[in-house]
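Accompanying notes for the structure given below.
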């Protein structure tokens, strides 16, 4: 009897570990798009700043980035309470117009999503100052409860250099 109970408990433990592993794999798969897209937006902001810095000093009125964006696309990547990929130009409940990427600041950053995705993106430009700053962000709602997670990278223009930490920061990463 004790041996059967031990075997049953071991089986339950293995099932629980397997379920946890599957959930962790799903979270990792959903997040996979974020680092690549944040890198593309960050590189776009870097190129934008470097083009400005390459101008003759007389033509540099004041350094600035494009205006900040709203979270794009506007509608969440959720349908009927479940995460559902947002599809630019698609025919699903979470489809949206690809023209959303043809607006400032995304045009200036050469950033556009053409494939379905689970995260929505934004660019934040902090006004001119001693150090010009920007952030690129990915916003997601893995459980479609309306509470967003945010992953972001920071960038700075200091003198003639564009720099920033390589780290991706997060707020509410489990949401």
What three numbers, in Å, describe the spread of the alpha carbons of the stretch 122-175 along their principal axes, ordered from the longest?
43, 21, 12
Considering only DSSP beta bridges where both residues belong to the stretch 33-171, give the percentage that are antiparallel (nearest 5).
95
Need one number: nm distance between label points at residue 74 and residue 3, each 7 Å from Cα along Cα→Cβ, rounded to one decimal.
6.8
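The numbers here are math on the coordinates, done by the rules we state, and not lab data. Keep in mind it's a predicted model, so treat the numbers as computed, not measured. In this analysis, Cβ positions are derived from the backbone assuming ideal geometry, glycine residues included, and neighbour counts consider all displayed protein chains.
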